[in-house]
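These notes concern the structure reproduced below.
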Amino acid sequence: MKTFLKVLLLAALLIVAIKLSPVIFVGAILGLIAAAVLGAVGLSLVAALMAIALALAVALSPIWIPVLAVMGLISLFKKTGPTSAPLTA
């Protein structure tokens with residue numbers, strides 16, 4: 001008897017799922033459209049952020065390029081190894 005009730009419940013769920021499948025399909029399509037729109041908005045926001053970062057880097061280049069050059073020269077002539085102890089007699 002238990003198996004018969006399980007089969008009957010499964011058949012009822014299958015009928016309900018078949019009847020609701022158009023609604024689920026429309027919901028899935030609407031979800032995909034919403035995801036595509038949000039993805040496009042997100043990509044455009046990332047592109048705008050990258051454009052702002054590039055414009056900021058270009059605008060500040062008179063400051064950071066000489067600073068980088070000075071730092072490079074300092075690191076070029078800086079002694080990196082351990083210094084030897086002075087000779088004492």
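Examine the range 75-83 for a residue that is open to solvent by less than 100 Å² (accessible area, probe 1.4 Å) and assigned to a helix (DSSP H, G or I), and state whether such a residue exists. I'd like the intermediate steps shown before the answer.
At the first step, the residues of the range 75-83 found to be open to solvent by less than 100 Å² (accessible area, probe 1.4 Å) are 75, 81.
Then keep just the ones that are assigned to a helix (DSSP H, G or I); that gives 75.
Checked the range 75-83: at least one residue is open to solvent by less than 100 Å² (accessible area, probe 1.4 Å) and assigned to a helix (DSSP H, G or I).
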Q: Filter the range 55-64 for residues that are assigned to a helix (DSSP H, G or I) and either surrounded by 10 or more Cβ atoms within 10 Å (Cβ to Cβ) or touching a helix residue (DSSP H, G or I) at 6+ places or on another chain (Cβ under 9 Å) (or both) and give the result.
A: A55, L56, A57, S61, W64
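The values are calculated or read from the model by the stated rules, or taken from the named source; none is laboratory data. On a predicted model such as this, the values are computed, not experimentally measured, just so you know. Positions of Cβ are backbone-derived with ideal geometry, glycine not excepted, and every protein chain shown enters the neighbour counts. Side chains included, ligands, DNA and RNA excluded: accessible areas come from the protein's heavy atoms. Shrake-Rupley method; radii C 1.70, N 1.55, O 1.52, S 1.80 Å.
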